Amino acid sequence: MRCHIAIFEGFLFLSLLGQRGSPAADSVRSVPACQADQTKGIRLAPDFGFGLTVFQVAQELILKKVTDVDFEAYYISYGRRQELLSIYFGLNVGGEKGPANLNDAAIEWSKETWRWTCDKLRVPLQTQQWKGVGSNGRLWRHVNLLYGFASYENVTQEAAAEFDKVFDSICCECASCTKEK
């Protein structure tokens, strides 16, 4: 287990990063800095994301936002079956937890580390992503974000393809985010 400390706008954040379960070998992905031309669709830059995490959502997907005193939730639905991608932001959501069914033997999991480097954080942080394929061919994906998480569970391959475009659009909006090599 690793411990990271970050100071952001006067707040001290402590992150204990570990893993449970035994997914396939870990790979590393650097979260890129946002580009000025990244404006296709609806831009999500949640207040509780501290301006660090930005998503792009296609106009044809249905988006619902729910706000409470300590979190923001976005629900993106696809198709007639209303399959969902859920995105939560807030200081008390997410953490280093993976998907609830990480130990389910009927789901084959792979894991990837996401590295976030940004001048607002002062130190690079790492979060985890898990992708799962069920014995029925349905798909799972869970990403721990800075101050939140995003996930879909037990969705069709068609819905997963649309939701993966949202995941693939994630970028870090900082004055000087850098891509790690």
query = Under a Cβ-Cβ cut-off of 11 Å, what is the net charge of the residues other than GLY134 that fall near it, where Lys and Arg count +1 and Asp and Glu count -1?
reply = -2
Length released on extending from GLN157 to ALA100, taking residue separation times 0.36 nm less the Cα-Cα span = 18.5 nm
query = Once amide H atoms are built 1.01 Å from N in the peptide plane, which residues 5 or more positions from CYS34, or in another chain, come under 5 Å H to H?
reply = CYS172, GLU173, CYS174
key: Over segment 25-172, equivalent-ellipsoid semi-axes from the Cα gyration tensor in Å   = 23, 19, 15
task = Grab the beta carbon distance between GLU108 and LYS165, set R0 = 22 Å, and tell me the FRET efficiency rounded to 0.05.
result = 0.45
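Quick note: the coordinates plus some simple rules give every number you see, no bench work behind them. If you're wondering where the values come from, they're calculated on a predicted model, not measured in any experiment. Note that each Cβ is placed from the backbone with ideal geometry, even for glycine, and that neighbours are counted across all protein chains shown.
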